[in-house]
Amino acid sequence: MAKDAKAAGAAPAEKKPESKDKGKAGAGKKAAAGASAKKDHYVVQGGKLERKGRNCPKCGPGVFLAEHKDRNSCGKCGYTEFKNKK
């Protein structure tokens, strides 16, 4: 008779536990900690936009090199320039 009860759907199968993030705003998204804004990379001088930082020589204009303590690196292609130790 146990086989008949399962076939009829009398005993429901165990459910997977629901995620804890369900219903929260921005669930599953990383917080942008320390992300810089576009306004920090450009300056308006004489009616023209001027880029502040260094551009990646491989990727071209518009892709900036991230400034680290000991190097400058591109986040898109991985190009790295090491700073001189003084």
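Here are the numbers for the structure shown:
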| read-out | value |
| --- | --- |
| Some residue of the stretch 2-17 being within 19 Å of the chain's Cα centre (by Cα) and either acidic (Asp, Glu) or modelled with pLDDT under 75 (or both) | no |
| Qualifying position, being more than 21 Å from the chain's Cα centre (by Cα) and modelled with pLDDT under 85, among Lys30, Lys48, Lys20 | Lys20 |
| Count of residues meeting criterion [surrounded by 13 or more Cβ atoms within 10 Å (Cβ to Cβ), more than 18 Å from the chain's Cα centre (by Cα) and not in a loop (DSSP other than H, G, I, E, B)] in the stretch 51-79 | 3 |
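The values are calculated or read from the model by the stated rules, or taken from the named source; none is laboratory data. Everything numeric in this text was worked out from a predicted model, so none of it was measured. Because the Cβ atoms are built from the backbone with ideal geometry, glycine has one as well, and the counts that use them run over all protein chains shown.
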